[in-house]
Protein chains: 2
Amino acid sequence: MTAGGFDSATRISVGQALTAEDIAAAGLHADEDVARYATRLGDDALILSQRLSWWISRAPELEEDIALGNIALDLLGHARSLLTYAGTAGGKTEDDLAYFRDEDDFTCVHLVQLDPGDFGHTIARQLVYSLYAYELYTALSHSDDPTLAAIAQKAVKEVEYHVDHAWQWAMRLGDGTEESHRRMQAGLDQVWPFVDELFEDDDLTDRLKGVAVQPSSLRPAFDDAIRRVLAESTLELPSVPQARTGGRRGEHRESLGFVLAEMQSLARMHPGASW
Amino acid sequence: MTAGGFDSATRISVGQALTAEDIAAAGLHADEDVARYATRLGDDALILSQRLSWWISRAPELEEDIALGNIALDLLGHARSLLTYAGTAGGKTEDDLAYFRDEDDFTCVHLVQLDPGDFGHTIARQLVYSLYAYELYTALSHSDDPTLAAIAQKAVKEVEYHVDHAWQWAMRLGDGTEESHRRMQAGLDQVWPFVDELFEDDDLTDRLKGVAVQPSSLRPAFDDAIRRVLAESTLELPSVPQARTGGRRGEHRESLGFVLAEMQSLARMHPGASW
């Protein structure tokens, strides 16, 4: 069991409101495995943020434009902290990791890569991801790695709001009109094949016992919460087959290529430029 | 001179941090001219917000993704307050005005409609718009209409940060590399033909003396500030001809049609739906 191989952890204390800038300035040096773990969590948040920000000009209400925009920016904040920390292992910045890795070096789950779909699809994805992330960051708040613990403690407060947002919408759509119910259920059925991947353990999480969270350990609480929200929303738990997984190993869906092309093109056009 | 034709202004006091929800709940009834004035300011903020949010997945740094995203959400907040107030004249909501008006009922200036261009173009537009908006909301804080004054007092604090953001970037790009200087100057040259329109008086602002701000009265302070930032950034004041104006009369550039199509399509697909 390792606490993450710090050169210096003096500026990081659990419970501190931690920004990417704090992490970059703290002179940390994550070990390789911790960096890999931080990268996969950061990639999840980064790609979902890009997917969500698509809605900012397109939501069905101005108020919702703002809500989804704020959630996207929260996720981007989580991604920045996690990737900044991951970068300390190899002398890279958050921008190096976000803009100059190729597709097969990204380790996000497939759920966050899916095309936006309609609003029901987006709320279904938000519901699944936020409930998972809430359990994840709650558990990670007790990590033996104080930087991961501090990042998680900050993130979980924001994710609590994301859960609430998705939960309210699921009820409003599920228990709304016949059409809104149909679309919300269809959204759930579309994202459900990508749920199991969130809870897959692998060699990395096994090696990082006490530092990383075992994904499988989060499943019971997730299942309880999902059952409750679906019951309150008059929605059915989907019974659909699970899709092939592989995001953690760099095996991705075609859509990730388009997300990355959009996200990386400007930075790659002027690498190292003063903007 | 009118104070806006209130039914009740009891919940609106100058200096109060005013949300769109507060305005909607206050039982206000703006008169027609005040509503027209609030609409044009709201349209400027709304369309620029949509234009800026395009950058959220595309900025050259993750930190900048967040900064531009936050500015876009601030602008959307201003739009919501202004359009909510405008809607009280005819029993309409902010969403009615944002999603169910046709192109020639929008009264935004051409500056906010321009295609995003490159990052230099965006910073140039932000610089011009934010300096204008800062002077506008500062003056409007003293409006005889207490709702407009309260909206402006809240907005000006946020716009002060927008000015600072654009100013810092103008210096960083203008006084950076040869390439960043070239692009920043090119961006300024491209947005400059749309500056005069911001400061055009018309019948409406003449009729609303004491309530509205005379746009021409803001020009000297704007010119001073622009000269200062350009000097600090080693950039030239563009000497390019001004473009045809008409945004305030509903005469728009082709690009507005595309912005509106994107923004309005979902709401129009399910008018009055529970989402």
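As a test of the formula, what do you get for the protein assembly as shown when each DSSP H run with n ≥ 4 contributes -39,500 (n - 2.57) and the sum is divided by the residue count, at 222 nm and rounded to the nearest 500 deg cm²/dmol?
Working: 20 runs with 320 residues, N = 550.
So the calculated ellipticity at 222 nm is -19500 deg cm²/dmol.
So for the pair A:Q168, A:A186, with labels modelled 7 Å out along Cα→Cβ, what separation do we get in nm?
That separation, rounded to one decimal, is 2.6 nm.
Specify the angular offset, from 0 to 90 degrees and rounded to the nearest 10, of the alpha carbon long axis of helix B:62-87 from the longest principal axis of the alpha carbons in chain B.
So the inclination is approximately 30 degrees.
Can you tell me the relative contact order of segment A:158-275? Whole percent, Cα pairs under 8 Å, sequence separation 6 or more.
Working: 69 pairs, mean separation 34.1, N = 118.
With pairs under 8 Å counted, the relative contact order is 29 percent.
Tell me the chymotrypsin sites (Phe, Trp or Tyr not before Pro) within segment A:128-207 that lie in a loop according to DSSP and have at most 13 other beta-carbon atoms within 10 Å.
Working: sites: A:Y129, A:Y132, A:Y134, A:Y137, A:Y161, A:W167, A:W169, A:F194, A:F199; in loops: none.
Those that pass, being in a loop and sparsely packed, number zero.
Distances from A:S239 to the same residue in each other copy, label points 7 Å out along Cα→Cβ, in nm, shortest first?
Nearest to farthest, the other copies are at 7.9 nm.
Below 25 Å Cα-Cα, how many Lys pairs turn up in the protein assembly as shown? Only count pairs eight or more apart in sequence, or on different chains, if you could.
On the way: A:K92/A:K154; A:K154/A:K209; A:K157/A:K209; B:K92/B:K154; B:K154/B:K209; B:K157/B:K209.
Lysine pair count for the protein assembly as shown: 6.
Which of A:S233, A:S130, A:S255 moves most in a GNM of chain A, Cα contacts under 10 Å?
So, out of A:S233, A:S130, A:S255, the one fluctuating most is A:S255.
At a threshold of 8 angstrom on Cα-Cα distance, excluding pairs fewer than six apart, so keeping six or more, what relative contact order does segment A:113-208 reach in percent? Write down the numbers at each step before the final one.
Details: 82 pairs, mean separation 36.1, N = 96.
Reported relative contact order: 38 percent.
For the protein assembly as shown, state the semi-axes of the equivalent ellipsoid (square roots of 5 times the eigenvalues of the alpha-carbon gyration tensor), sorted largest first and rounded to whole angstrom.
Numbers: eigenvalues 352, 171, 81 Å².
Equivalent-ellipsoid dimensions as semi-axes: 42, 29, 20 Å.
How far is A:D206 from the same spot in each other copy, in nm, shortest first, if each label point sits 7 Å from Cα toward Cβ?
With the label placed 7 Å along Cα→Cβ, A:D206 yields 8.2 nm.
Evaluate the relative contact order of chain A (contact order divided by residue number), counting alpha-carbon pairs under 8 angstrom at least 6 apart; express in whole percent. Before the final figure, lay out each step's value.
On the way: 427 pairs, mean separation 67.3, N = 275.
Answer for chain A is 24 percent.
Which is the longest stretch in chain A that no exposed loop site breaks, taking sites as trypsin sites (Lys or Arg not before Pro) with a DSSP loop state and at most 15 other Cβ atoms within 10 Å?
Values: sites that count: A:R11, A:R244.
No qualifying site falls inside A:12-243, the longest such stretch.
Looking at chain B as a GNM with Cα springs under 10 Å, which of B:L131, B:L204, B:L82 has the largest mean-square fluctuation?
Among B:L131, B:L204, B:L82, the largest mean-square fluctuation in the Gaussian network model of chain B belongs to B:L204.
Between A:A24, A:A98, A:A170, find the one with the highest GNM mean-square fluctuation for chain A; connect C-alpha pairs within less than 10 Å.
Per the Cα network of chain A with a 10 Å cutoff, A:A24 tops the list.
Could you give the angle, 0 to 90 degrees to the nearest 10, between helix A:146-174's Cα long axis and the longest principal axis of the Cα atoms of chain A?
10
To the nearest 10 degrees, how steep is helix B:32-53 against the longest Cα principal axis of chain B, on a 0 to 90 scale?
The helix B:32-53 is inclined about 40 degrees to chain B.
Taking the Cα centre of chain B as the origin and placing charges on Cβ (Lys, Arg +1; Asp, Glu -1), which of B:V112, B:A267, B:L173 is farthest toward the positive end of the dipole?
Result: B:A267.
Sort shortest first the distances from B:G117 to its counterpart in every other copy, using label points 7 Å along the Cα-to-beta-carbon line, and give them in nm.
Copy-to-copy label distances for B:G117: 4.0 nm.
Rule-based calculations on the coordinates, nothing more; no lab input. Owing to the predicted nature of the structure, the values given are computational and were not obtained by experimental measurement. Cβ coordinates were reconstructed from backbone atoms using ideal geometry, including for glycine residues, and neighbour counts include every protein chain displayed.
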